[in-house]
Structure formats: structure tokens, C-alpha cells
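Participant: For reference, the structure I am asking about is given below.
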């Protein structure tokens with residue numbers, strides 16, 4: 001099986017990092033390849049030999065909310081922008097200027 005290394009970063013719409021959140025890397029058939037955890041800067045990284053070479057997806061969960069999406073190319077860094085603000089945030093702050101975040105996410109992850 002091919003060796004797979006995934007690097008990425010997860011952020012909230014207000015650009016704050018998604019901290020200490022599990023990120024599952026799965027094949028399209030829902031086979032779990034590895035589980036990573038974001039650090040205090042939202043970064044995550046891991047290597048596995050469990051990948052069959054099939055297309056990949058990710059799932060990130062935090063505070064009862066989840067974000068799923070495709071991994072277009074495992075050789076590229078994986079940027080994740082979740083649709084929710086950090087816990088304790090009042091929802092204000094920088095949010096997708098002049099665009100609606102929900103519309104962007106629906107377009108990207110449909």
C-alpha cells in the first residue's frame with residue numbers, strides 16, 4: 001500500500017484556528033485511514049501506510065459540529081475552513097468579506 005502523508009490547517013470563518021479537534025482521513029468507502037488532531041494553531045499532520053490509493057475525504061468535529069469534504073490531492077496541504085465560529089465567540093469579527101460563508105461551503109462541499 002502507498003505511504004500517505006497529510007498536512008493541513010483548520011480555521012474558523014473569523015480566521016481563528018480550530019484547536020484540538022480530531023480530523024479523520026477516510027477513503028470514499030468510509031474506511032478510516034488515520035485520525036489526526038489539530039494543534040493550537042489549527043495545524044495537523046500524519047503519515048500512514050493504510051491507504052489503498054483510493055480517493056480520500058476528511059471529517060473534522062468540534063463541539064458537536066462537523067465539517068466533511070474531499071481531499072482533492074493528497075500531495076497538497078489540506079486547508080479546512082469550518083462553518084462555525086469558535087466557542088464563546090459572539091459571531092462578530094471577520095467573516096468572508098462580501099460573500100456569504102454558508103453559500104461558499106455549500107458550493108465547495110456539495
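Participant: Set the Förster radius R0 to 30 Å, insert the Cβ-Cβ distance between residue 50 and residue 20 as r into 1/(1 + (r/R0)^6), and round the FRET efficiency to 0.05.
Facilitator: 0.80
Participant: At what distance in angstrom do the alpha carbon centres of the range 5-21 and the range 30-86 lie from each other?
Facilitator: 10 Å
Every read-out reported here was derived from the displayed coordinates using simple, explicitly stated rules and does not represent laboratory data. Please read these numbers as outputs of a predicted model, since none were measured by experiment. Every residue, glycine among them, receives a Cβ derived from its backbone with ideal geometry; neighbour counts consider all protein chains shown.
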